[in-house]
1. Determine which member of the set 135, 110, 152, 114 is under 19 Å from the mean Cα position of the chain (by Cα) and open to solvent by 60 Å² or more (accessible area, probe 1.4 Å).
2. Going by the conditions given, is residue 125 at pLDDT 95 or above, surrounded by 15 or more Cβ atoms within 10 Å (Cβ to Cβ), under 21 Å from the mean Cα position of the chain (by Cα) and within 15 Å of residue 181 (Cβ to Cβ)?
3. Looking at (1) open to solvent by 70 Å² or more (accessible area, probe 1.4 Å); (2) basic (Lys, Arg); (3) under 25 Å from residue 83 (Cα atoms); (4) touching a strand residue (DSSP E or B) at 6+ places or on another chain (Cβ under 9 Å), which one does residue 184 not meet, given that it meets all the others?
4. Which residue, of 19, 93, is out of contact with any Phe, Trp or Tyr (no Cβ under 8 Å at 6 or more places or on another chain) and at pLDDT below 60?
5. Within region 74-84, identify whether any single residue is modelled with pLDDT of 95 or more and surrounded by 15 or more Cβ atoms within 10 Å (Cβ to Cβ), and answer yes or no.
6. Report the residue count in region 166-225 for those that are touching a helix residue (DSSP H, G or I) at 6+ places or on another chain (Cβ under 8 Å) and of a type in the set (Val, Ile, Thr).
7. Might you let me know whether region 104-125 holds any residue that is in contact with a Lys or Arg (Cβ under 6 Å, 6 or more places away or on another chain), touching a residue at least 24 places away in the same chain (Cβ under 8 Å), in a helix (DSSP H, G or I) and among the charged types (D, E, K, R)?
Amino acid sequence: MLWFRDEIITFTIHKTMGIDKFLVIFIFLALSFSFVTAVDPAPLDDFCVALAPSGSKLAVTENGQLCKDPKLVTADDFFYSGLNIPSNTNNRIRSNLTDVTVKEIKGLNSLGISIGRIDFAPNGITPPTYHPRVSEIRIVLAGTIYVGFITSNPDHRVFAKILRPGDVFVVPVGLIHFVRNIGKTPAVLIVAYNGQNPDAVLVPNTIFGSTPPISPEVLVKSFQLDKKTVVNLQKQDWT
């Protein structure tokens with residue numbers, strides 16, 4: 001017997017069952033497991049407020065997470081203040097992200113959503129990035145933004161738009177995307193995710209800032225660069 005959230009799927013494989021029927025069942029189960037594990041698990045109660053890192057003796061377990069005793073939950077567990085405050089863009093890429101995930105709002109645990117704010121100085125960028133577990137939707141509050149994403153192999157198609165205040169753009173799960181402020185004034189994006197902890201893989205940081213470093217020969221061949229350029233890139237501060 002297999003359990004899939006709110007429904008139970010049962011089946012019996014008889015000794016006389018042919019190979020074709022067995023393959024059909026196998027494919028069905030594989031697709032079912034893929035669907036179930038593709039998103040955050042559904043909540044089993046009104047809420048399951050995650051415990052702070054320090055932990056607590058007064059806790060219960062739900063959805064596999066250690067949660068705060070519901071009797072001790074307060075409105076502050078569902079609250080965050082400060083998303084209206086611009087973040088410091090005085091860095092190499094001239095942008096900065098203020099994330100509001102389950103790390104900042106413990107009440108987001110098991111709800112499958114999170115939000116953030118991205119500030120861009122003129123010519124600021126978000127380098128090629130992808131989120132392995134979530135899709136995202138972005139709305140421009142200020143400025144003029146060039147945003148896009150790239151499809152996977154073998155097409156590598158670029159879907160890109162120039163966005164202005166009030167415009168919305170969606171990035172599918174797992175696809176590399178990028179942003180650049182092409183205006184002469186600061187720009188602001190609000191981004192929402194269908195996951196409580198989206199995480200991000202910044203492609204340049206991951207490749208050239210890995211610990212320990214990737215063998216330069218691998219990157220020389222992969223990016224068709226000379227070894228000196230690769231070594232210099234690996235020496236940069238990618239934190």
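1. Details: 135 fails: open to solvent by 60 Å² or more (accessible area, probe 1.4 Å); 110 fails: open to solvent by 60 Å² or more (accessible area, probe 1.4 Å); 114 fails: open to solvent by 60 Å² or more (accessible area, probe 1.4 Å).
152 is the lone residue from the list that is under 19 Å from the mean Cα position of the chain (by Cα) and open to solvent by 60 Å² or more (accessible area, probe 1.4 Å).
2. Yes: the conditions hold for residue 125.
3. (4)
4. Testing whether each residue is out of contact with any Phe, Trp or Tyr (no Cβ under 8 Å at 6 or more places or on another chain) and at pLDDT below 60 leaves just 19.
5. Yes: region 74-84 contains one or more residues that are modelled with pLDDT of 95 or more and surrounded by 15 or more Cβ atoms within 10 Å (Cβ to Cβ).
6. Qualifying residue count, region 166-225: 4.
7. no
The values are calculated or read from the model by the stated rules, or taken from the named source; none is laboratory data. None of these values were measured; they are calculated from a predicted model. Cβ: placed from backbone, ideal geometry, glycine included. Neighbour counts: every protein chain shown. Side chains included, ligands, DNA and RNA excluded: accessible areas come from the protein's heavy atoms. Shrake-Rupley method; radii C 1.70, N 1.55, O 1.52, S 1.80 Å.
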